[in-house]
Amino acid sequence: MERNLTQIALFAALIAALGLIPKFSLASGVPISAQSLGIMLCGTVLGAKRGTLAVLLFLGLVALGLPLLAGGRGGLGVFSGVTVGYLAGFVAGAFVTGLLAQMWRGRGGWILPSVAALVGGVVVMNILGIIGMAWKLDKTLAEATVLALPFVPGDLLKCVLAGLITQALQKARPGLLQA
Amino acid sequence: MRDLSYARDGHQVFSGLNLDLADHRVGIIGRNGSGKTQMARLIAGLAAPDAGAVTVGGVEVAKDRKAALSTVGILFQNPDHQIIFPTVGEELGFGLTSQGLDKAAARDKAQDILARFNRPGWYDRPVYALSQGQRHLVCLMAVLVMAPKLIVLDEPYSGLDLATTVRLGRYLDALDPGLIHITHDLHSIGGYDRVIWLDQGEVRMDGVPGDVLPAYEAEMRDRGGRDDFADL
Amino acid sequence: MRDLSYARDGHQVFSGLNLDLADHRVGIIGRNGSGKTQMARLIAGLAAPDAGAVTVGGVEVAKDRKAALSTVGILFQNPDHQIIFPTVGEELGFGLTSQGLDKAAARDKAQDILARFNRPGWYDRPVYALSQGQRHLVCLMAVLVMAPKLIVLDEPYSGLDLATTVRLGRYLDALDPGLIHITHDLHSIGGYDRVIWLDQGEVRMDGVPGDVLPAYEAEMRDRGGRDDFADL
Amino acid sequence: MISLTSEYRTPYHALPAAAKLLALCLFTFAVFYLDSVGVALAVTGAVALAYGIGGGRFARQGLRMMRPVFWMALIILAYHLAIGEWAGGLVIVLRLIAAVGLANLVTMTTRLDDMLAVVERGLARIGVSERARRRLALSVALVIRFTPVLAQKGARLIEAWRARSVKRPGWRLLLPLALLAVDDADRVAEALKARSGGL
Ligand SMILES: Nc1ncnc2c1ncn2[C@@H]1O[C@H](COP(=O)(O)OP(=O)(O)OP(=O)(O)O)[C@@H](O)[C@H]1O
Ligand SMILES: Nc1ncnc2c1ncn2[C@@H]1O[C@H](COP(=O)(O)OP(=O)(O)OP(=O)(O)O)[C@@H](O)[C@H]1O
Ligand SMILES: O=C(O)CCCC[C@@H]1SC[C@@H]2NC(=O)N[C@@H]21
Ligand SMILES: [Mg+2]
Ligand SMILES: [Mg+2]
């Protein structure tokens, strides 16, 4: 139990720490952010349940007013900003990634965890993000999709990294990743 | 080291320190927070002083990083904060390729040093499967393989057992490069050429071990005898 | 400790160990990886043995965790691995509320122990603003405030300066609870009632410090004198 | 380092946490509807004044915490200057500074357990069990403690890299950092177990 608790807290902190990597804001106001790598890792390493709890914990702290989002942002204001769709996508993305990763646990080297991250951390996350942008920026879904295109190359790279890190962690700490 | 001033995150660690460490083996002692680690970072060129300059063998280590790599190596207290790569071979090769060697040459040199330390089979060993003492050894080899003229050791023995301490000590003593050894273990620097006692960022005493160590120990025991933890 | 067997992640650390540590102050020594830390975890009830049982003052510490809290406290080597909360007050209060005290009572007791250690102003101090030695002291207070009958110390002095070591040593010596002190610093347990030398999960020697420590030191210096690092 | 309770006492420390949180909520929400430079300047000035009331050292500490936000602000401003919409850029930047500034101020002047007590009371009201609430409170404290520790460990690894290379450290430090972090989680779990008697 204690271990679950500290790991959930740790991964929430990891998402926060990845927010320290300088971000780059696009004209839409949505940053290219390393934090989505943290979301993917929550899913691939912790699995669906604990991964989602870690993300919820992270967002809860943001809501309490801690400036943990990339660029030192935080507070309840961000939940009414352009990125609100992505913030919902953080939760759903970690959950879907975690479901797939658990299903495929221990197989496929780094490829399968990467695919899990791709489905959850890119497809699901961006769908929600796009819906959010369309809503907040008063655009059509098609227009909002164009705004999300610049994220694709970076997001693919993050998938590969998530897969590689997951595989290496599994090798170095065999007891860490449970089914 | 000339006229050194250095502040970290708003905390003034050194102001106007002058020190010439020409001796072969120098020990550095001092209380927790006296500035030993910050001095090590300055000597290794990992931080640039706010004023003054640190030069080692003619190289200004904070500025000329490329030359500094072959001039000074540093061994941190905790191997987990030093080891970057998953296998021993990659760890040893990393410094070499950044010194400009190609992959094959780096591999040969790494194998060389493993052989010198009687560890020929370690090249492909994953670091996580090594014990604490073994990982210390990997860190030491990773520094030695780059053949620096000076090695800075920041509490290299902390947490190691006596046999390992004695043995690493003998290895270090037999090395060619100069040593600057930061430690709380006074025995391990008893045979050095010179010992410097740092106190709140200033040199409190500087001389042969026979003079400095007993003075330090006496003061520490005296302070330790007081009741109030006031200076903690 | 009866018939203790314990394996960690597939590595058999103890098999069939029997030990009765009734003495007031017991030192434990041994090489890196000999099983000292795993023994500390078992004594504190942080891990359950695979076979056999560990009882402290009649409490089976791995099973009855609630009772174990008032029976045995443990101090880890690195305060950063022990301190859970951002402020000193929260840190001290945590164990007390786990013992069933309400918030107000926990606050009072925490203030009490701060006063006893001459640190009345620390309650609201953020832990990150304390020095290494000060954080060690917070860990010690957090354990003492729970008033355990036995305290297990796993290398509590590593990285501390001599004055702080001497002073914490005096505090520990003056304490009521029994002590089990794991260390590589042989001086610090010279005055203890009993010393146990662990070797690969077995008791190699067990007796008064005057017998055990010189034997251990002699063997370590002998091993340290060999050239090959073969047993690292 | 994340904002933590400041060691310099201010009048705000004594205010009830619930009131501060409510005020922060309302403020952060309102700030997003600012759209004139004049009003945005006034609001940001008010936040700055609030820091000033806390005293010089407190204000300096607050400023230090805001440094990354100022950098970001510069970039946004430069961008908006380039596309010729300096007024719009200024409003965005001021909004950001005011919102983060007040969030930091609340955090710096509110003990974590007071902050959590508010959340706990809310959760209790909606019927969450005491055990679950205790776990939640603990995890929050742990995140706040882990984040600066992770950042510190990252900095150490960067030094280890720079000690042996002139190239910039990149993604390759992520794995060792993840390992250090995972190991820390295990050790802290033990520390927790040693003093919690079961969660
Ligand atoms: N990151 C930092 N930010 C601010 N101050 C720091 C930082 N690191 C160190 N210091 C301060 O610099 C001073 C010197 O610290 P340093 O780490 O060099 O001490 P030390 O002599 O190595 O102590 P120890 O024996 O505990 O390792 C201390 O007062 C410390 O508080
Ligand atoms: N998590 C783990 N998984 C597998 N084996 C472990 C683990 N932790 C420790 N061991 C093994 O258990 C044995 C005893 O380790 P322990 O940590 O108790 O040694 P120690 O005596 O405390 O050494 P040190 O002086 O270095 O602290 C070692 O052989 C070690 O490799
Ligand atoms: O910081 C926030 O408010 C949320 C930012 C979300 C950014 C998303 S995550 C997926 C996509 N890829 C990126 O690099 N950025 C967006
Ligand atoms: Mg130091
Ligand atoms: Mg140990």
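With respect to the conditions (1) more than 24 Å from C:V59 (Cα to Cα); (2) at pLDDT 90 or above, C:L150 lacks only one, and its number is (1).
Out of the residues in the range D:145-199 that are in contact (Cβ under 8 Å) with a residue 60 or more places away in the chain and at the interface with chain A (Cβ under 7 Å from one of its Cβ atoms), state the one that is nearest to B:Q82 (Cα to Cα). Result: D:A151. Residue count for the range C:111-124 satisfying the condition of being open to solvent by 70 Å² or more (accessible area, probe 1.4 Å) and within 14 Å of chain B (Cβ to nearest Cβ): 3. Only one of the numbered conditions (1) open to solvent by 10 Å² or more (accessible area, probe 1.4 Å); (2) over 25 Å from C:D199 (Cβ atoms) is not met by B:E91, and that is (1).
In the range B:19-44, the residue that is farthest from B:A67 (Cα to Cα) out of those that are more than 8 Å from ligand 1 (Cβ to nearest atom) and of a type in the set (G, A, S) is B:G27.
Looking at the range B:51-61, is at least one residue among the charged types (D, E, K, R) and farther than 18 Å from D:R164 by Cα? No, the conditions are met nowhere in the range B:51-61. State whether one or more residues within the range C:102-113 are within 16 Å of ligand 1 (Cβ to nearest atom) and either part of a loop (DSSP other than H, G, I, E, B) or touching a His at 6+ places or on another chain (Cβ under 9 Å) (or both). Looking for residues that are within 16 Å of ligand 1 (Cβ to nearest atom) and either part of a loop (DSSP other than H, G, I, E, B) or touching a His at 6+ places or on another chain (Cβ under 9 Å) (or both), one finds none in the range C:102-113, hence no. Number of residues in the range C:80-96 that are of a type in the set (D, E, K, R) and either without any contact (Cβ under 8 Å) to a residue 24 or more places away in the chain or at the interface with another protein chain (Cβ under 7 Å from one of its Cβ atoms) (or both) equals 2.
Please indicate, with yes or no, whether at least one residue in the range C:8-18 is within 16 Å of ligand 1 (Cβ to nearest atom) and at pLDDT below 80. No, that holds for no residue. Take C:A215 and decide whether it is on the phi > 0 side of the Ramachandran plot and of a type in the set (A, V, I, L, M, F, W, C). Answer is no for this residue. Of all residues in the range C:155-180, those satisfying the criterion of being closer than 22 Å to B:L186 by Cα, away from ligand 4 (no atom under 16 Å from the Cβ) and not in a helix (DSSP H, G or I) are C:E155, C:P156. Where helices (runs of 4 or more DSSP H) sit wholly within the range A:98-179, those with at least 2 residues that are farther than 19 Å from A:C42 by Cβ and open to solvent by 70 Å² or more (accessible area, probe 1.4 Å) occupy A:125-137, A:141-148, A:151-172.
Counting only residues that are open to solvent by 60 Å² or more (accessible area, probe 1.4 Å) and of a type outside the set (K, R), which one in the range B:101-110 is nearest to the other protein chains (Cβ to nearest Cβ)? Filtering first and then ranking leaves B:D102.
Among the residues making up the range C:127-154, those that are over 16 Å from C:G93 (Cβ atoms), part of a helix (DSSP H, G or I) and either in contact with a helix residue (DSSP H, G or I) (Cβ under 9 Å, 6 or more places away or on another chain) or within 16 Å of ligand 4 (Cβ to nearest atom) (or both) are C:Y128, C:Q132, C:G133, C:Q134, C:R135, C:H136, C:L137. All of (1) open to solvent by 30 Å² or more (accessible area, probe 1.4 Å); (2) in contact (Cβ under 8 Å) with a residue 24 or more places away in the chain; (3) not in a strand (DSSP E or B) hold for C:K66 with one exception: (2). Filtering the range B:170-182 to residues that are at pLDDT below 85 and either open to solvent by less than 10 Å² (accessible area, probe 1.4 Å) or within 16 Å of ligand 2 (Cβ to nearest atom) (or both) leaves only B:L172. Consider the range D:99-114 and keep the residues that are more than 7 Å from chain A (Cβ to nearest Cβ) and touching a strand residue (DSSP E or B) at 6+ places or on another chain (Cβ under 8 Å). The one that is modelled with the lowest pLDDT is D:L112. The listed residues are D:M66, D:M108, and the only one of them that is in a helix (DSSP H, G or I) and under 26 Å from D:G122 (Cα atoms) turns out to be D:M108.
Screening B:R221 on (1) at pLDDT below 90; (2) under 28 Å from C:I29 (Cβ atoms); (3) more than 16 Å from ligand 2 (Cβ to nearest atom); (4) open to solvent by less than 30 Å² (accessible area, probe 1.4 Å) shows it passes everything except condition (4). Exactly one residue out of B:L160, B:L186, B:L137 is within 11 Å of another protein chain (Cβ to nearest Cβ) and within 16 Å of ligand 5 (Cβ to nearest atom): that is B:L160.
Restricting C:V54, C:V26, C:V72, C:V61 to residues that are farther than 23 Å from D:R131 by Cβ, more than 16 Å from ligand 2 (Cβ to nearest atom), surrounded by 17 or more Cβ atoms within 10 Å (Cβ to Cβ) and at pLDDT 80 or above narrows the list to C:V72. Taking the range D:115-139 as the range and being within 19 Å of D:T28 (Cβ to Cβ) and either modelled with pLDDT of 85 or more or open to solvent by 30 Å² or more (accessible area, probe 1.4 Å) (or both) as the test, the residues that pass are D:V118, D:V119, D:G122. Of the residues making up the range C:189-218, those that are open to solvent by less than 50 Å² (accessible area, probe 1.4 Å), touching a Pro at 6+ places or on another chain (Cβ under 9 Å) and under 20 Å from C:V166 (Cβ atoms) are C:I189, C:G190, C:Y192, C:V195. Considering every residue within the range C:4-17, establish whether at least one is among the acidic types (D, E), over 20 Å from C:W197 (Cα atoms) and within 16 Å of ligand 2 (Cβ to nearest atom). Taking every residue of the range C:4-17 in turn, at least one turns out to be among the acidic types (D, E), over 20 Å from C:W197 (Cα atoms) and within 16 Å of ligand 2 (Cβ to nearest atom).
A single entry from A:G77, A:G60 fulfils the requirement of being assigned to a helix (DSSP H, G or I), at negative phi, modelled with pLDDT under 85 and at the interface with another protein chain (Cβ under 8 Å from one of its Cβ atoms): A:G77. Look through C:G73, C:G93, C:G45 and report the one residue that is in a strand (DSSP E or B), small (G, A, S) and away from ligand 3 (no atom under 16 Å from the Cβ). Every option except C:G73 fails the conditions.
Looking at the range C:97-106, can you tell me whether even one residue there is on the phi < 0 side of the Ramachandran plot, within 19 Å of the chain's Cα centre (by Cα) and aliphatic (A, V, I, L, M)? No.
The values are calculated or read from the model by the stated rules, or taken from the named source; none is laboratory data. On a predicted model such as this, the values are computed, not experimentally measured, just so you know. No Cβ is skipped: glycine too gets one built from the backbone with ideal geometry, and neighbour counts run over all protein chains shown. Heads up: the accessible areas ignore ligands, DNA and RNA and are worked out on the full protein's heavy atoms, side chains in. Shrake-Rupley method; radii C 1.70, N 1.55, O 1.52, S 1.80 Å.
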